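Chemist: Take this structure first; my questions come after.
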Amino acid sequence: MYLMNTYKRLPVSFVRGEGVYLFDEKGKKYLDMVAGIAVNALGYNHPKLVETLCEQSKKLMHVSNLFENPWQEEVAKLLVEHFHDKDGKVFFCNSGAEANEAAIKLTRKYFKSVGEKQRYRIITFYKGFHGRTYGSMSATAQEKIHLGFEPLLDGFDYATLNDFESVLKQLNKNTAGIMLEVIQGEGGINEAQVEFLHKVYELCKKEGLLLIVDEVQTGIGRTGSFYAHQHFGIKPDIVTLAKGLGGGFPIGAVVATDEVSKAFAPGSHGSTFGGNPLACACAKVVIEEVKKLLPQIIEVGTYFKKRLKELGKVKGIGLMLGLDIGKDCQEVVLKALDKGLIINCTAQSVIRLVPPLIIQKEHVDECVSILKKIVNW
Ligand code: PLP
C-alpha cells in the first residue's frame with residue numbers, strides 16, 4: 001500500500017530460512033534456487049556468518065571512511081589475492097550499480113590522468129545488465145530499461161556479445177574501455193565465447209583500452225572459480241563485485257590494477273556506507289567459506305547441468321545456470337512456487353538457477369524432480 005510500484009512480487013512472504021530452504025508464514029518449506037538473485041551465497045542462517053554479524057554489530061557497525069578501516073584492508077587483501085595484479089587496489093561501496101558507477105568514473109579519470117582526455121566512451125553489450133543508476137543504466141544496452149528515463153548519460157556504444165566485428169564497428173578515438181559480463185545474467189545466462197573474449201582482450205591491449213568485467217552476478221565463486229573471468233584466461237583492468245560478496249549483507253567492490261587505481265586520489269570518489277566494519281566482517285566470512293566451496297561448486301554445478309539437460313537446453317557455468325524452455329516461463333515459476341520450489345524467469349523464456357553455493361546433489365535432484373512434475377517437455 002505504501003510502496004512504489006517498482007516490482008512485480010510473487011504472492012508469498014518468507015519469515016525465515018535454513019540452509020538452502022526458506023519458510024513462509026504458514027511454515028511451508030521451499031527449496032531456494034534463486035538465493036535472493038545470487039546473493040545468499042552461504043544460504044540461510046549460516047552459523048559463522050550469523051555469529052560474525054552479531055559479534056561485529058556489538059563492537060562497531062559503522063565508522064566513517066574519514067578514519068582507518070582495517071576491516072576493509074582485510075577483505076581487499078583477500079580480493080586482490082585472487083586477482084592477476086597482486087598490487088591491485090579495491091574500492092568499497094554498497095551495490096552492483098554503485099560498483100559499476102565507480103568503475104565508469106575510474107575509467108574516465110584514468111584517461112584524464114594519463115593525458116588522453118579524448119577517451120571517455122565505453123563499449124558495452126546488448127542483453128547486458130549493469131544496474132539502475134544513470135551511469136550503470138546507460139551502460140545497460142536494453143531499451144526496456146531506458147524507456148522513459150531519457151536522456152541517458154552520454155558515453156556508451158553498444159555491441160553484440162560474441163560478435164567481434166560489432167565491437168570493431170563501435171571503436172573510435174574516443175573509446176576508453178570495453179565493459180562486459182562473461183555470462184550475462186539478467187539477459188538470459190548468455191555465455192561469452194572464449195575466442196571472442198580473447199579477441200576483445202587482445203584488442204584492449206593493442207589499443208590501450210581498459211577491460212572492465214562486471215562480476216556482480218558471476219563473482220565470488222558463483223561459477224566455481226573465484227572470479228568467473230578466470231575460466232576464460234583474460235586479465236581485466238577492472239572487476240566489479242556485489243551480490244554474493246556479503247552473503248546477504250549489502251556490499252559492493254571495485255578491484256582494479258595498481259596502475260589504473262592510481263587515477264583515484266582523496267576526494268575523487270566516495271561512499272558514506274561503503275565497506276563499513278559490519279559489511280566487511282560479513283564479506284570476510286563469505287570469501288573464506290566460498291574459497292573452500294569452489295571444488296564442490298564445480299562438482300554440483302556440473303551435475304546440475306547434466307540433470308537439467310534431461311529437461312531442455314541448458315546454459316551457464318557452475319551454479320549460474322539457465323534452462324531455456326522456449327516459451328514464457330512466468331507460469332512455470334508460479335507452479336514451482338506452489339510445489340515448494342523457488343526459481344526465477346529471465347529473458348522471458350529462461351529459467352534462471354542461481355542457488356546458494358552450499359547446495360548438494362540431493363537438492364539438485366529435488367529441484368529436477370519438481371520441475372519434471374510441472375513441465376511436460
Ligand atoms: N551488474 C550485474 C551483472 C547484475 O546482475 C546486477 C544486478 O542484477 C547489477 C550489476 C546491479 O546490481 P545492484 O542491483 O546491486 O545495483
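Chemist: Output the qualifying pairs, or none if there are none: Cβ atoms under 9 angstrom, residues six or more apart or on different chains, first residue in segment 215-228 and without any contact (Cβ under 8 Å) to a residue 12 or more places away in the chain, second residue more than 13 Å from the ligand (Cβ to nearest atom) and acidic (Asp, Glu).
Modeler: Taking only residues 6 or more apart or on different chains, not a single pair turns up.
Chemist: To continue, here is another question. If you go through segment 156-166 one residue at a time, do you hit one that is within 16 Å of the ligand (Cβ to nearest atom), modelled with pLDDT of 95 or more, among the polar types (S, T, N, Q) and in contact with a strand residue (DSSP E or B) (Cβ under 8 Å, 6 or more places away or on another chain)?
Modeler: No, that holds for no residue.
Chemist: Hey, another quick one. With the requirement that a residue be β-branched (Val, Ile, Thr) and out of contact with any Pro (no Cβ under 9 Å at 6 or more places or on another chain), what does segment 40-78 give you? Steps first, answer last, please.
Modeler: Step one: filter segment 40-78 for residues β-branched (Val, Ile, Thr), giving 50, 52, 63, 75.
Selection gives Val50, Thr52, Val75.
Chemist: List the strands (runs of 3 or more DSSP E) inside segment 280-377, counting only whole elements, that have at least 1 residues being touching a strand residue (DSSP E or B) at 6+ places or on another chain (Cβ under 8 Å) and open to solvent by 10 Å² or more (accessible area, probe 1.4 Å). Outline the logic, then answer.
Modeler: Details: elements: 313-317, 320-324, 344-346, 350-353.
The qualifying strands (runs of 3 or more DSSP E) are 313-317, 320-324, 344-346.
Chemist: Lys26 - would you say it is over 17 Å from Gly244 (Cα atoms), open to solvent by 60 Å² or more (accessible area, probe 1.4 Å), assigned to a helix (DSSP H, G or I) and free of Cβ contacts under 8 Å to residues at least 24 places away in the same chain? Lay out the reasoning, then the answer.
Modeler: Details: over 17 Å from Gly244 (Cα atoms): yes; open to solvent by 60 Å² or more (accessible area, probe 1.4 Å): yes; assigned to a helix (DSSP H, G or I): no; free of Cβ contacts under 8 Å to residues at least 24 places away in the same chain: yes.
Considered against the rule, which asks whether it is over 17 Å from Gly244 (Cα atoms), open to solvent by 60 Å² or more (accessible area, probe 1.4 Å), assigned to a helix (DSSP H, G or I) and free of Cβ contacts under 8 Å to residues at least 24 places away in the same chain, Lys26 comes out as no.
Chemist: Can you confirm whether segment 56-65 contains a residue that is among the aliphatic types (A, V, I, L, M), touching a strand residue (DSSP E or B) at 6+ places or on another chain (Cβ under 8 Å) and modelled with pLDDT of 95 or more? Give the steps one after another, and end with the answer.
Modeler: So in segment 56-65, the residues among the aliphatic types (A, V, I, L, M) come out as 60-61, 63.
From what's left, touching a strand residue (DSSP E or B) at 6+ places or on another chain (Cβ under 8 Å): none.
No - not one qualifying residue is present in segment 56-65.
Chemist: Checking the structure you have, find out if any residue of segment 113-132 is touching a Pro at 6+ places or on another chain (Cβ under 9 Å) and either more than 10 Å from the ligand (Cβ to nearest atom) or closer than 20 Å to Ala253 by Cβ (or both). Break it down stepwise before answering.
Modeler: So the first thing to find is which residues in segment 113-132 are touching a Pro at 6+ places or on another chain (Cβ under 9 Å), and the list is none.
Checked segment 113-132: no residue is touching a Pro at 6+ places or on another chain (Cβ under 9 Å) and either more than 10 Å from the ligand (Cβ to nearest atom) or closer than 20 Å to Ala253 by Cβ (or both).
Chemist: For segment 36-53, state whether one or more residues are surrounded by fewer than 13 Cβ atoms within 10 Å (Cβ to Cβ), out of contact with any helix residue (DSSP H, G or I) (no Cβ under 7 Å at 6 or more places or on another chain), free of Cβ contacts under 8 Å to residues at least 40 places away in the same chain and not in a helix (DSSP H, G or I). Steps first, answer last, please.
Modeler: Of the residues in segment 36-53, the ones surrounded by fewer than 13 Cβ atoms within 10 Å (Cβ to Cβ) are 45, 47, 51.
Now narrow it down to the ones that are out of contact with any helix residue (DSSP H, G or I) (no Cβ under 7 Å at 6 or more places or on another chain): 45, 47, 51.
Applying the additional criterion that residues be free of Cβ contacts under 8 Å to residues at least 40 places away in the same chain yields 45, 47, 51.
This time we only want the ones that are not in a helix (DSSP H, G or I), so: 45.
Checking segment 36-53: at least one residue is surrounded by fewer than 13 Cβ atoms within 10 Å (Cβ to Cβ), out of contact with any helix residue (DSSP H, G or I) (no Cβ under 7 Å at 6 or more places or on another chain), free of Cβ contacts under 8 Å to residues at least 40 places away in the same chain and not in a helix (DSSP H, G or I).
Chemist: Right, next: Hey, can you tell me all the residues within segment 96-124 that are polar (S, T, N, Q) and buried (at least 21 other Cβ atoms within 10 Å of the Cβ)? Reasoning before the result, please.
Modeler: Step one: of segment 96-124, the residues polar (S, T, N, Q) are 100, 107, 113, 118, 124.
Across segment 96-124, the qualifying residues are Asn100, Thr107, Thr124.
Chemist: Give the residue that is farthest from the ligand (Cβ to nearest atom), with candidates limited to residues of segment 218-267 that are under 13 Å from the mean Cα position of the chain (by Cα) and in a helix (DSSP H, G or I).
Modeler: That would be His229.
Chemist: Which condition does His130 not pass, out of (1) surrounded by fewer than 23 Cβ atoms within 10 Å (Cβ to Cβ); (2) under 28 Å from Ala263 (Cβ atoms); (3) not small (Gly, Ala, Ser), if it passes all the others?
Modeler: (1)
The values are calculated or read from the model by the stated rules, or taken from the named source; none is laboratory data. All of these numbers come straight from a predicted model, not from anything done at the bench. Glycine gets a Cβ as well: all are built from the backbone with ideal geometry, and neighbour counts include every protein chain shown. What goes into the accessible areas is simple: the full protein's heavy atoms, side chains included, and nothing from ligands, DNA or RNA. Shrake-Rupley method; radii C 1.70, N 1.55, O 1.52, S 1.80 Å.
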